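The block underneath contains the structure these notes are about, expressed in structure tokens.
The values are calculated or read from the model by the stated rules, or taken from the named source; none is laboratory data. This is a predicted model, so every value here is computed, not measured. Every residue, glycine among them, receives a Cβ derived from its backbone with ideal geometry; neighbour counts consider all protein chains shown.
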2 protein chains.
Amino acid sequence: MADLRRKTGPSRPLGELTEALRRGERRVTGPRLAILQVLREHRRPLSNKEVLALLPQGYCDLATVYRSMHLLRRLGLVQRFDVGDGVARHELRDAGHDGHHHHLVCRRCAQVVAIDCCLLEEVERELSRHSGYQALQHRLEFTGICPDCQQR
Amino acid sequence: MADLRRKTGPSRPLGELTEALRRGERRVTGPRLAILQVLREHRRPLSNKEVLALLPQGYCDLATVYRSMHLLRRLGLVQRFDVGDGVARHELRDAGHDGHHHHLVCRRCAQVVAIDCCLLEEVERELSRHSGYQALQHRLEFTGICPDCQQR
DNA sequence: GTGATTGCAAAAATTTTGCAAATTC
DNA sequence: GAATTTGCAAAATTTTTGCAATCAC
């Protein structure tokens, strides 16, 4: 499922990522760079242990991976996935994450259609009124079978 | 959008649930009955600790709640949700439809509100017409800051 | 009675944290 | 030089498991 979400094309340049760190007034350290490299090269949800294993032998501590992942998530660079086995996984997000939008993904071929408009602003306002929750955000993903795949 | 929040009334009759246990050749025990009662009365994703706390004082062991929840999941009676705080939650599934609905999760305390109606059936139809995709499904999750956390 | 189920306690596994030393800016 | 970040070890959680006692059928 995670693979279906992935957009084709190269991942974000490392420079952009370190830039995001600096914007957040965080330091660009060896471990953080290395972790970002791993995430760039393996674009699927990785557990922290997997990330550690993909780093040069003994390069950094598991605790550092945990801390870095928290940071990257706060900065919006990474998205967390819970697959249902009690282990958190993280995946690098695509560049356009500030421009909020949704995707429609084919479950067969993973072709992606971007949905430009955000469909849920009105719903969000209503929901906030009814629930008392504030600062609402949402994450919406559609899947289906694309026209091409329907013919096969 | 009148009533977004799930009505808290009991759902599936208890008899139907114990029936499912028997069909699975599992025994109907006190702890299992009590856990099912709790799930029937609180129809939102509950952690195992929450379930235990909602049972009569000292009524059963946390390990039993874990084991029961595994069983109920294998039997398809409950659905597991991972909200992103490292704690698994379970919710009773509805008999009739697939149990599809959405959640509103507090980003601070992970408290969950179930949203009874599916907001996107109409959107899905529109989207299907415009994109040509078929058999659409979606996953939608709202997050926000719950009223309690707003005060802290 | 037989076999599944429970409680208890102990173990596993994941994640977080305190603090001195090292690193980045 | 100041402040953040790291490693290490220890702690805190969440979840699982072994086993004798108990319970459902």
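Applying the condition of being of a type outside the set (A, V, I, L, M) and surrounded by 13 or more Cβ atoms within 10 Å (Cβ to Cβ) to segment A:20-38 and asking which residue is nearest to DNA strand C (Cβ to nearest atom) yields A:Thr29. Of all residues in segment B:114-127, those being at pLDDT 75 or above and facing another protein chain (nearest Cβ under 7 Å) number 2. Under the condition of being away from DNA strand D (no atom under 16 Å from the Cβ), modelled with pLDDT under 85 and either closer than 20 Å to B:Val105 by Cβ or among the hydrophobic types (A, V, I, L, M, F, W, C) (or both), the residues counted in segment B:6-47 number 3.
Scan segment B:129-150 for residues that are assigned to a helix (DSSP H, G or I) and facing another protein chain (nearest Cβ under 7 Å) and the total you get is 3.
Here A:Val105 meets each of (1) out of contact with any Pro (no Cβ under 9 Å at 6 or more places or on another chain); (2) within 11 Å of DNA strand C (Cβ to nearest atom); (3) modelled with pLDDT under 85 with one exception, condition (2).
Flag not set for A:Arg44, criterion: more than 11 Å from DNA strand C (Cβ to nearest atom), more than 14 Å from chain B (Cβ to nearest Cβ), touching a strand residue (DSSP E or B) at 6+ places or on another chain (Cβ under 8 Å) and assigned to a helix (DSSP H, G or I).
Cβ-Cβ contacts under 6 Å between residues 6 or more apart (or on different chains), taken from a first residue in segment A:59-73 that is more than 14 Å from chain B (Cβ to nearest Cβ) to a second residue that is at pLDDT 95 or above and near DNA strand C (Cβ under 8 Å from one of its atoms), are listed as A:Val65/A:Asn48.
For segment B:74-90, filtered to residues that are surrounded by 14 or more Cβ atoms within 10 Å (Cβ to Cβ) and more than 14 Å from every other protein chain (Cβ to nearest Cβ), the residue that is farthest from DNA strand C (Cβ to nearest atom) is B:Leu77. Which residue pairs have Cβ atoms closer than 6 Å, lie 6 or more positions apart in sequence or on different chains, and pair a first residue in segment B:11-26 that is touching a residue at least 40 places away in the same chain (Cβ under 8 Å) with a second residue that is assigned to a loop (DSSP other than H, G, I, E, B)? Within 6 Å, the pairs are B:Arg12/B:Ala95; B:Ala20/B:Leu75; B:Ala20/B:Leu77; B:Leu21/B:Val28; B:Gly24/B:Leu75.
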